[in-house]
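Since the structure comes first, as structure tokens, the remarks are kept for the end.
Bear in mind these aren't lab numbers, they're just calculated from the coordinates by the rules spelled out. Worth saying up front: this structure is predicted, and the values here are computed from it rather than measured. No Cβ is skipped: glycine too gets one built from the backbone with ideal geometry, and neighbour counts run over all protein chains shown.
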Amino acid sequence: MTYAFPPAWIPSLPIRGASEEFPVRRVYCVGRNYAEHAVEMGHDPDKEPPFFFQKNPDNLVLGAEFPYPGATKDVHHEIELVVALSGGGTDIAVEAALEHAFGYAVGLDMTRRDLQAGAKKLGRPWEVAKAFEKSAPITEIVPATAIGHPASGAITLSVNGELRQAGDLSQMIWKTAEIIAHLSALFELAPGDLIMTGTPAGVGPVARGDRLEGSVEGVGRLAVAVV
Ligand code: MN
């Protein structure tokens, strides 16, 4: 096999305690998975099955800096627990789902909220709002063998030292195992897939110069400067 030009690199993330990296295949995201966030976005959390969208693997950026993107005047932070899969398949049972979870990370689903609002209004896809360059700052992956499968614990985000998002993983409407099961009914999951599991209430705009500090209890901390 030869290529007409060099193929794109394979995005990967460090794994805590390992010398190998985690090669990323796909990045799925869950919408409105915390009741208070669904309400703040104008929806009734009781009426909605989970829904999904995607970011691109090469949108991931390991911590440090988030360049304020173009084509927007309203970029929001969404702090999320990320689950990293080392297994996969289709129609995975809820009871077996966590066997496919290799580990966890802390991620930011940065969102061009103005473009998302426009897309919603016109019934258009969300890629322009969600899948832009460096839209997914993330930490290293912490293996489940070290921390288990977090089902409760604080998930927070501060901007310039001020707490903006504060929730608990136990408030997730759809739990990690249920998300994997639902998603595997729609797509064939595979090793290397990441799933961003939704954000608690308190999303809001960022500006150049802001310092974001996110954390998920038992998983990690993510510090990002908006530049
Ligand atoms: Mn999100």
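How do Met110, Met41 rank when sorted from fewest to most other Cβ atoms within 10 Å of their own Cβ? By the 10 Å Cβ count, ascending: Met41, Met110. Projection of the Cα convex hull of the chain, averaged over all directions and equal to a quarter of that hull's surface, yields 13.4 nm². The HN-Hα couplings worked out from phi for the range 116-129 by the Karplus form 6.51 cos²θ - 1.76 cosθ + 1.60 (θ = phi - 60°) are 5, 4, x, 5, 4, 4, 9, x, 9, x, 9, 3, 4, 8 Hz, whole numbers, x standing for Gly and Pro. Within the same chain, lysines fewer than 8 places from Lys175 are excluded, and of the rest, those with a Cα less than 27 Å from its Cα are Lys47, Lys55, Lys120, Lys130, Lys134. Directionally averaged projected area (the range 65-143, Cα convex hull): 6.8 nm². Using 0.36 nm per residue and subtracting the Cα-Cα separation, the extra length available between Tyr3 and Glu178 on full extension is 59.0 nm. In loop segments of the range 2-65 as defined by DSSP, the GluC sites (Glu not before Pro) with at most 12 further C-beta atoms inside 10 Å of their C-beta are Glu20.
Charge dipole of the chain (Cα centre as origin; +1 on each Lys and Arg Cβ, -1 on each Asp and Glu Cβ, all else neutral): 640 debye, rounded to the nearest 20. Under 5 Å from the amide H of Ala131 lies no amide H of any residue 5 or more positions distant or on a separate chain, with H modelled from the backbone and absent for Pro and chain starts. Normalising the average separation of contacting C-alpha pairs (under 8 angstrom, six or more residues apart) by the number of residues puts the relative contact order of the chain at 31 percent. Across the range 193-202, computed HN-Hα scalar couplings (Karplus, 6.51 cos²θ - 1.76 cosθ + 1.60, θ = phi - 60°) run 6, 10, 10, 8, 9, x, 10, x, 4, x Hz from first to last residue, x flagging Gly and Pro.
Annotation: amide H of Met172 has no partner in the under-5 Å range at sequence separation 5 or more or interchain, hydrogens built in the peptide plane.
In terms of other Cβ atoms within 10 Å, Arg112, Arg32 run from fewest to most in the order Arg32, Arg112. Taking amide H as placed 1.01 Å from N in the peptide plane, His77 has its amide H under 5 Å from the amide H of Gly204, Val206, each at least 5 places away in sequence or on another chain.
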